Every structure is written in C-alpha cells, then in structure tokens.
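Single-structure report; data block below.
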Amino acid sequence: MHVPFCKSICSFCNYERLRPSSPAVLRAWLDQLQATLATLAPAVRHLTFHTLYFGGGTPSVLTAAMLREAVDAVHGALRFHRLAHRTFELDPAVMNREKLDALVARGFRHFSFGVQTLDASVNADHNRGAQGRALVGRRFEEFAGAGLGRVSCDFLLGMA
C-alpha cells in the first residue's frame with residue numbers, strides 16, 4: 001500500500017509523494033483507498049496474501065485513527081494468511097506510541113524507518129527536517145517497549 005505523503009519533500013527522494021496540506025487531503029486519500037479496495041477486492045477474493053507492506057511516502061503521517069481505518073479496510077477487503085508478514089515504513093519524526101500500538105494490534109511486527117543521516121546540517125540541506133539521536137532513540141525505546149525486535153533503518157551514505 002503506497003501512502004504518498006511526507007512531512008517534508010526530501011531533495012534526494014524520487015518516489016511519488018505529496019506534502020499533506022490539510023486533514024481533508026488525508027481523508028480524501030483514505031476514502032479513495034476504500035473505493036479502490038471495493039473495486040479490486042472482488043477480482044482477487046480467491047487469493048490469499050502473505051505480505052502486507054505499508055510504505056510511501058511516509059504512512060506515519062496519518063493519524064492513529066486513520067491508520068486503524070486504512071489497515072482495517074485492507075484486512076476487510078483482502079484475505080491474508082494467518083502468518084502473513086506485515087511491514088510498516090515510518091518517519092521517526094511523525095511516529096508515536098499510539099500509532100505503534102494501533103499497528104501492533106493489527107498484526108504489524110516489522111517496522112522500517114528512514115534515518116538517512118543524524119547530521120542536522122545534512123538533513124537541513126536536503127529538506128529532511130529535524131531528526132537526531134534523541135528522536136531516533138525514543139522510537140527504538142517504543143519498539144522495545146512493545147516487544148518488537150525487527151526494526152530496519154535506512155541510511156544514505158555520501159549525501160552532500
């Protein structure tokens with residue numbers, strides 16, 4: 001599931017993404033997701049899916065309530081194997097424990113986040129936004145507190 005929103009548009013990224021301008025834009029995307037699932041589901045109802053990946057953009061820009069609604073819509077429309085692997089991509093600056101709890105309750109056990117760099121000046125040069133050791137450390141503490149040990153981090157080497 002591609003969630004095309006990011007809190008900031010990083011200069012190094014080439015994915016389709018938008019900076020959400022209002023809660024209404026996020027709501028419209030969620031409504032479109034549900035309409036797409038309603039159209040697609042009948043054609044794939046006979047299939048059993050083994051993987052669900054929520055990526056982006058950055059799906060963690062959605063509120064906890066919107067994340068619950070989006071995942072519930074996917075689970076309601078598609079059939080998943082009982083041991084299906086579920087991964088969620090996040091930005092540590094817009095993730096929080098409420099969102100993590102909502103996702104864990106819906107079967108997500110693997111999380112991936114783009115650190116890219118901990119150098120504040122490099123982040124600023126690439127419009128990445130503020131992100132440092134303390135923030136990344138808090139996310140790891142939340143993962144550990146939720147009993148999660150499968151966390152992937154992206155780092156980009158050689159950024160200008």
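The values are calculated or read from the model by the stated rules, or taken from the named source; none is laboratory data. Bear in mind the structure is a predicted one, so any value in this text is a computation, not a measurement. Methodologically, a virtual Cβ is constructed for each residue, glycine included, from the backbone with ideal geometry; neighbour enumeration extends over all protein chains shown. The accessibility values were calculated without ligands, DNA or RNA, using every heavy atom of the protein model including side chains. Shrake-Rupley method; radii C 1.70, N 1.55, O 1.52, S 1.80 Å.
Accessible area per residue for the chain in Å², computed with a 1.4 Å probe and the full protein assembly in place, what is it?
Details: 8350 Å² over 160 residues.
With all protein chains present, the chain gives 52 Å² per residue.
Full-extension gain between Tyr53 and Lys7, please, as 0.36 nm times their residue separation minus the C-alpha to C-alpha distance.
This chain segment gains 14.6 nm when fully extended.
Checking [x] 16.1, 51; [y] 17.2, 64; [z] 13.9, 46 against the coordinates, the calculated Rg and Dmax of the Cα atoms in Å falls under label [x]. Using alpha carbons only, how many degrees (0 to 90, rounded to 10) separate the axis of helix 23-44 from the longest principal axis of the chain? Here the helix axis deviates by roughly 40 degrees.
With the contact rule set at Cα under 8 Å and sequence spacing of 6 or more, what percent relative contact order holds for the chain? Before the final figure, lay out the partial values.
Details: 241 pairs, mean separation 37.4, N = 160.
Computed over the chain, the figure is 23 percent.
In terms of overall dimensions, the range 94-160 has a Cα radius of gyration and Dmax of 13.1, 40 angstrom. Principal-axis analysis of the Cα atoms of the chain puts helix 64-77 at an angle of about 40° to the longest axis. Counting 0.36 nm for each residue step from Cys153 to His81 and taking away their Cα separation leaves a gain of 23.3 nm. Dividing the summed -39500 (n - 2.57) terms of all DSSP H runs of n ≥ 4 by the residue count of the chain sets its mean residue ellipticity at 222 nm at -12500 deg cm²/dmol.
Give me the extension gain from Ala160 to His110: residue separation times 0.36 nm, minus the current Cα-Cα distance, reported in nm with one decimal.
On the way: separation 50, 0.36 × 50 = 18.00 nm, distance 3.01 nm.
Residue separation times 0.36 nm, minus the Cα-Cα distance, leaves 15.0 nm.
In whole percent, how big is the carbon plus sulfur part of the accessible area of the range 25-155, probe 1.4 Å, protein atoms only?
Values: 3400 of 6280 Å².
Carbon and sulfur together cover 54 percent of it.
Put a dot 7 Å past the Cα of Ala120, heading toward its Cβ, do the same for Val44, and the two dots end up 4.3 nm apart.
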